Amino acid sequence: DGALNWTRVLTPGLGIYALAAVGSMVYAGAWDIYGGSPSIFVSCDSGVSWTAVFSYPRMIAWNAAAVDHGNSQLAMMGGYLDDASLGVRRGMLYRTSDGGLTWTPALTPTTSNAGGVVNEVLIHPITHTLWLASVYDHMTGDSTIYRSQDAGLTWPYSSTLEDTGANSLTVHPLQPGTLYAGAGHKIITAGSQGRVFRSSDAGLSWTLVFTQGGLVAV
């Protein structure tokens, strides 16, 4: 009813950090602080009922989800594995092509400590085969924007945004080739600047177009 009333539909006992929907398909990603619990949930009926479809033996957090607007069976989920034994956060990006029944690794980000965090993912609403993922390296403070042109099967191109934690990606509604990335300074202090980067070539290159005190989150 246009957000006038809300009904609780999923209570997994975990924090839900990632959520995406197209049509009646809804994907939810949780933060499993213990490991071994279900961490990805799927609903095929607009959130009325849910199925746990993925679990991982170690602590994992899914930060971002995206669904193909042309095929709701195709989706990706990004986050990180917190491997305390190795002292790293290893970025993880998984892909499904069957409505969440099975999930396969799509990208293993390469960062300075073999880690990183997948902060945001985007499936282009018009060019459905164009997928992007933003990965933050907490050791260097840089973000890498990965780009796929075959719906997440391969990721041959990446662009680095230095000294920036890019945490949101969006598409210009009237110019499909124009993308934006919202970001913040690697260390949030009184002098930190939020930043917006723009790409005019569908994610091949990025230019800083806006700065403002604080953190640009959306």
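The values are calculated or read from the model by the stated rules, or taken from the named source; none is laboratory data. What you are looking at is a predicted structure, and each value in this text was computed from that prediction instead of being measured. Cβ coordinates were reconstructed from backbone atoms using ideal geometry, including for glycine residues, and neighbour counts include every protein chain displayed. Side chains are part of the model used for accessible areas, which takes the heavy atoms of the whole protein and leaves out ligands, DNA and RNA. Shrake-Rupley method; radii C 1.70, N 1.55, O 1.52, S 1.80 Å.
Observations, loosely collected:
- Note on the stretch 151-185: among residues that are outside any loop (DSSP other than H, G, I, E, B) and among the aliphatic types (A, V, I, L, M), the one that is nearest to the chain's Cα centre (by Cα) is L169.
- Residue under evaluation A52, criteria (1) in a loop (DSSP other than H, G, I, E, B); (2) in contact with a Ser or Thr (Cβ under 9 Å, 6 or more places away or on another chain); (3) open to solvent by 30 Å² or more (accessible area, probe 1.4 Å), criterion not met: (1)
- Number of residues in the stretch 124-154 that are in contact with a strand residue (DSSP E or B) (Cβ under 7 Å, 6 or more places away or on another chain) and under 13 Å from Y94 (Cα atoms) equals 6.
- Number of the exception - D68 against (1) in contact (Cβ under 8 Å) with a residue 60 or more places away in the chain; (2) open to solvent by 60 Å² or more (accessible area, probe 1.4 Å): (2)
- Among the residues making up the stretch 138-150, those that are part of a strand (DSSP E or B) and open to solvent by less than 10 Å² (accessible area, probe 1.4 Å) are S143, I145, S148.
Let's see how each residue does on (1) touching a strand residue (DSSP E or B) at 6+ places or on another chain (Cβ under 7 Å); (2) modelled with pLDDT under 95; (3) more than 24 Å from A166 (Cα to Cα):
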| position | (1), (2), (3) |
| --- | --- |
| Y34 | no, yes, yes |
| S37 | yes, yes, yes |
| D45 | no, no, yes |
| S55 | yes, yes, yes |
| R58 | yes, yes, yes |
| A64 | yes, no, no |
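- Criterion applied to I16, I33, I60 was being surrounded by 19 or more Cβ atoms within 10 Å (Cβ to Cβ) and either touching a residue at least 24 places away in the same chain (Cβ under 8 Å) or of a type outside the set (S, T, N, Q) (or both), and the one residue passing it is I60.
- The stretch 78-100: number of residues that are modelled with pLDDT under 90 and among the charged types (D, E, K, R): 4
- No other residue among L208, L179, L215 is at pLDDT 90 or above, touching a strand residue (DSSP E or B) at 6+ places or on another chain (Cβ under 9 Å) and open to solvent by 10 Å² or more (accessible area, probe 1.4 Å) apart from L208.
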